[in-house]
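Asker: Take this structure, written in structure tokens, and hold onto it; I'll ask about it next.
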Amino acid sequence: MQSVSPERLRGIAADIQIELKRLQRLADDIAFVRGEITRDPGHARLFYENLALKLHNFYTGCERIFQTIATELNGAPPGGFDWHRRLLERMGMDWGDRPAVLSSTSIEGLREYLAFRHVVRHLYGFELDEERLERLVTRYPLVWQQVEADLQRFVAWLETLAEQLSSV
């Protein structure tokens, strides 16, 4: 891990918290749209397209946090054609003095959302596999809960480290 000041650690923690609030709002929106499918099944296809974009946004928001951590603490995010996958994998590893950000359970859960994001970017909404989308939507609350808990634990580590460095 790069040498960082307490102020910088607090700034990283704040950046993560800001993104977590956005992701929580997204979680609320996903729950709302799922309810709309039940209330208005005639428009289910449109709601599924909306959910696909929201799941795309979910992974993108998580990845934004991972990029911040990789840039600020690891020195730089990975490069190359598979940098998205490698960035996710690095969040499950200790990196110098930095502990793993994510548990293996969270990484496993997020892999499918990373792959799905690629699909969403390259297909028309009407081409999406509704069964796959439904599976991801069904699994989403548990994956989000695990990822959020891991990230909150990491924020607590950042804040504790900042406090320790301030008292030295």
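No lab work stands behind these numbers, since they all come straight from the coordinates. Just so we're clear, the structure is a prediction, and the values are computed from it rather than from any experiment. Note: ideal-geometry Cβ built from the backbone for every residue, glycine included; neighbour counts use all protein chains shown.
Asker: Considering only segment 71-97, state which residues are over 25 Å from Glu130 (Cα atoms), part of a helix (DSSP H, G or I) and not basic (Lys, Arg).
Answerer: Step one: filter segment 71-97 for residues over 25 Å from Glu130 (Cα atoms), giving 71-83, 86-97.
Next, from what is left, pick out any that are part of a helix (DSSP H, G or I): 71-74, 83, 86-90.
Within segment 71-97, Thr71, Glu72, Leu73, Asn74, Trp83, Leu87, Leu88, Glu89 qualify.
Asker: Here are some conditions: (1) touching a residue at least 24 places away in the same chain (Cβ under 8 Å); (2) in a helix (DSSP H, G or I); (3) buried (at least 17 other Cβ atoms within 10 Å of the Cβ); (4) out of contact with any Cys (no Cβ under 7 Å at 6 or more places or on another chain). Leu110 meets all but one. Which one does it not meet?
Answerer: (4)
Asker: Check Ala52, Ala100 and return the single one that is outside any helix (DSSP H, G or I) and either touching a helix residue (DSSP H, G or I) at 6+ places or on another chain (Cβ under 9 Å) or of a type outside the set (Ser, Thr, Tyr) (or both). Spell out how you get there, then give the answer.
Answerer: Values: Ala52 fails: outside any helix (DSSP H, G or I).
Exactly one residue qualifies, and that residue is Ala100.
Asker: With the requirement that a residue be free of Cβ contacts under 8 Å to residues at least 40 places away in the same chain and more than 16 Å from Gln164 (Cα to Cα), what does segment 1-23 give you?
Answerer: Once the filter is applied, which keeps residues that are free of Cβ contacts under 8 Å to residues at least 40 places away in the same chain and more than 16 Å from Gln164 (Cα to Cα), segment 1-23 yields Ala14, Ile18, Lys21, Arg22.
Asker: Could you figure out which of (1) of a type in the set (A, V, I, L, M, F, W, C); (2) farther than 21 Å from His118 by Cβ; (3) surrounded by fewer than 17 Cβ atoms within 10 Å (Cβ to Cβ) isn't true of Leu53?
Answerer: (2) is the only condition that Leu53 fails.
Asker: Do you know which of the residues in segment 131-145 that are of a type outside the set (D, E, K, R) and over 19 Å from Thr38 (Cβ atoms) is surrounded by the fewest Cβ atoms within 10 Å (Cβ to Cβ)? Walk me through how you get there before you give the answer.
Answerer: Here is the first cut: in segment 131-145, the residues of a type outside the set (D, E, K, R) are 133, 136-138, 140-145.
Then drop every residue that is not over 19 Å from Thr38 (Cβ atoms), which leaves 142-145.
Details: Leu142: 11, Val143: 20, Trp144: 21, Gln145: 13.
Per the criteria, the residue is Leu142.
Asker: Scan Arg135, Arg117, Arg121 and give me the residue that is touching a helix residue (DSSP H, G or I) at 6+ places or on another chain (Cβ under 6 Å) and farther than 16 Å from Gly92 by Cα.
Answerer: Numbers: Arg135 fails: touching a helix residue (DSSP H, G or I) at 6+ places or on another chain (Cβ under 6 Å); Arg121 fails: touching a helix residue (DSSP H, G or I) at 6+ places or on another chain (Cβ under 6 Å).
On inspection, the qualifying residue turns out to be Arg117.
Asker: Could you tell me whether any residue of segment 90-112 is on the phi < 0 side of the Ramachandran plot and in contact with a His (Cβ under 8 Å, 6 or more places away or on another chain)?
Answerer: Taking segment 90-112 as the starting set, the residues that turn out to be on the phi < 0 side of the Ramachandran plot are 90-95, 97-112.
Right, trim to in contact with a His (Cβ under 8 Å, 6 or more places away or on another chain) and you get none.
Within segment 90-112 (the criterion being on the phi < 0 side of the Ramachandran plot and in contact with a His (Cβ under 8 Å, 6 or more places away or on another chain)), the answer is no, since none of the residues qualifies.
Asker: Exactly one condition in (1) more than 20 Å from Arg139 (Cβ to Cβ); (2) without any contact (Cβ under 8 Å) to a residue 24 or more places away in the chain is not met by Gly92; state its number.
Answerer: (1)
Asker: Okay, moving on. Evaluate the following for Leu51: is it of a type in the set (A, V, I, L, M, F, W, C) and closer than 23 Å to Arg153 by Cα?
Answerer: Details: of a type in the set (A, V, I, L, M, F, W, C): yes; closer than 23 Å to Arg153 by Cα: no.
For Leu51, the condition - of a type in the set (A, V, I, L, M, F, W, C) and closer than 23 Å to Arg153 by Cα - is not met.
Asker: Also: Taking segment 32-43, which residues are surrounded by fewer than 14 Cβ atoms within 10 Å (Cβ to Cβ) and either touching a residue at least 40 places away in the same chain (Cβ under 8 Å) or among the basic types (Lys, Arg) (or both)?
Answerer: Step one: list which residues in segment 32-43 are surrounded by fewer than 14 Cβ atoms within 10 Å (Cβ to Cβ), which gives 32, 35, 38-43.
Matches in segment 32-43: Arg39 only.
Asker: Then there is this: Do we have any residue at all in segment 65-74 that's of a type in the set (Ser, Thr, Tyr), touching a residue at least 40 places away in the same chain (Cβ under 8 Å) and surrounded by 19 or more Cβ atoms within 10 Å (Cβ to Cβ)?
Answerer: Going through segment 65-74, the residues of a type in the set (Ser, Thr, Tyr) turn out to be 68, 71.
Still in the list and also touching a residue at least 40 places away in the same chain (Cβ under 8 Å): 68.
Still in the list and also surrounded by 19 or more Cβ atoms within 10 Å (Cβ to Cβ): none.
No, the conditions are met nowhere in segment 65-74.
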